[in-house]
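One structure below.
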Amino acid sequence: MGKSVSLTTGVASDAARVGKVCAVVVTFNRKSLLRNCLSSLLMQSRKVDEIIVVNNASTDGTREMLAQEFPGIRTLNLDRNVGGAGGFREGMRWAYESGFDWMWVMDDDIEVDPGTLAVMLDHRQLSDFMHVRKSTAAGPFVWEALWDLSGAYTVRYREDLSFKNGKAWTVVPGGNFEGALIHRRIVSAIGCPDERFFIIGDDTIYGFLASLHTNVIYINHFGIRRCLPPRQIPDRLVYYCSIRNRFLTYEYLRQLGLPMSAVLFRLKTVHAAAQYLKRIVWEDPWGNRWRSLSAVCAGLRDGIAGRFGPPPWLRSRSGR
């Protein structure tokens, strides 16, 4: 674990008024992207007070790179890969227990513009959970959405309609851990993210739970870049978790007392699985098809059985 160095603005009154900010970055085997992410964090006009990297048992030299190039950044080196959800849980818990007021959470493929943190903190009177706009290789990322309770998922708009109509910010129904800024009051109210998701959906439901305590807002300011090109063809982990985690999201919404229909949910989930299977048969490379088909079927099986956490091929390695 690297020795911690506190990064401050040198303006005590600002820190007292706004509170201390800890950036929580989760990484797994993407040290080049991580290097750029951390460099962008160190360039913020409103300096972060601490950066913590949650290293999900990377095997690509991430640990050594951090020790050599970023010795002042604290690192949590996990002994196994707990996914993005488990990584954010560990990092946010550390930041919360260490007394930080704000947790700025992000994956390793994110770069932030120098003024991004300052813009977000300028909106702190409006929200304890906020996002700015994000650009990707495919264009602007759209985050305005509505819940489809029949399928237990959110449906994103084709464009951000609120911003098209001139709004400076808008309320959204879920979270996105690619740059969300979250106050410790939210962690006090709802806890840390659920590691059972592993990847996909953990941030959406966490944001929804937070929305019961604060306005989860989306600010009309482009301040984040996702630097990883979008996958043309999902890998088996994406197929598996996309299907399986619908069942976990459904349980969250049902336990909250929302008007859920088990029949409609099952029908929509089976339809989604069928669409994945069709895509795999027609679009996936021949050598990946069996693994992808098996992942979709395993996602359905484990979702119905209530088996969450790491996918089966990782559970077998860790003995879980």
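The values are calculated or read from the model by the stated rules, or taken from the named source; none is laboratory data. As the structure is a prediction and not an experimental result, all values here were calculated from the model. FYI the Cβ positions are ideal-geometry reconstructions off the backbone, even for glycines, and counts take in every protein chain you see.
Here are a few things to note about the model shown:
- Of the helices (runs of 4 or more DSSP H) that lie entirely inside segment 256-320, those containing 1 or more residues that are farther than 25 Å from residue 83 by Cβ span 262-283.
- Options 274, 305, 298; residue that is surrounded by 17 or more Cβ atoms within 10 Å (Cβ to Cβ) and modelled with pLDDT of 95 or more: 298
- Taken over segment 2-29, residues that are surrounded by fewer than 18 Cβ atoms within 10 Å (Cβ to Cβ) and at pLDDT 95 or above amount to 2.
- Selection status of residue 117, assigned to a helix (DSSP H, G or I), buried (at least 17 other Cβ atoms within 10 Å of the Cβ) and in contact with a Gly (Cβ under 8 Å, 6 or more places away or on another chain): no
Conditions tested, residue by residue: (1) more than 30 Å from residue 288 (Cβ to Cβ); (2) touching a helix residue (DSSP H, G or I) at 6+ places or on another chain (Cβ under 6 Å); (3) surrounded by 22 or more Cβ atoms within 10 Å (Cβ to Cβ); (4) not assigned by TED's automatic domain parsing to the domain that holds residue 90.
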{"residue": "148", "(1), (2), (3), (4)": "no, no, no, no"}
{"residue": "163", "(1), (2), (3), (4)": "yes, no, no, no"}
{"residue": "177", "(1), (2), (3), (4)": "no, yes, yes, no"}
{"residue": "207", "(1), (2), (3), (4)": "yes, no, yes, no"}
{"residue": "215", "(1), (2), (3), (4)": "yes, no, no, no"}
{"residue": "231", "(1), (2), (3), (4)": "no, no, no, yes"}
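- In segment 130-187, the qualifying residues are those that are acidic (Asp, Glu) and in a loop (DSSP other than H, G, I, E, B), and the one that is nearest to residue 108 (Cα to Cα) is 178.
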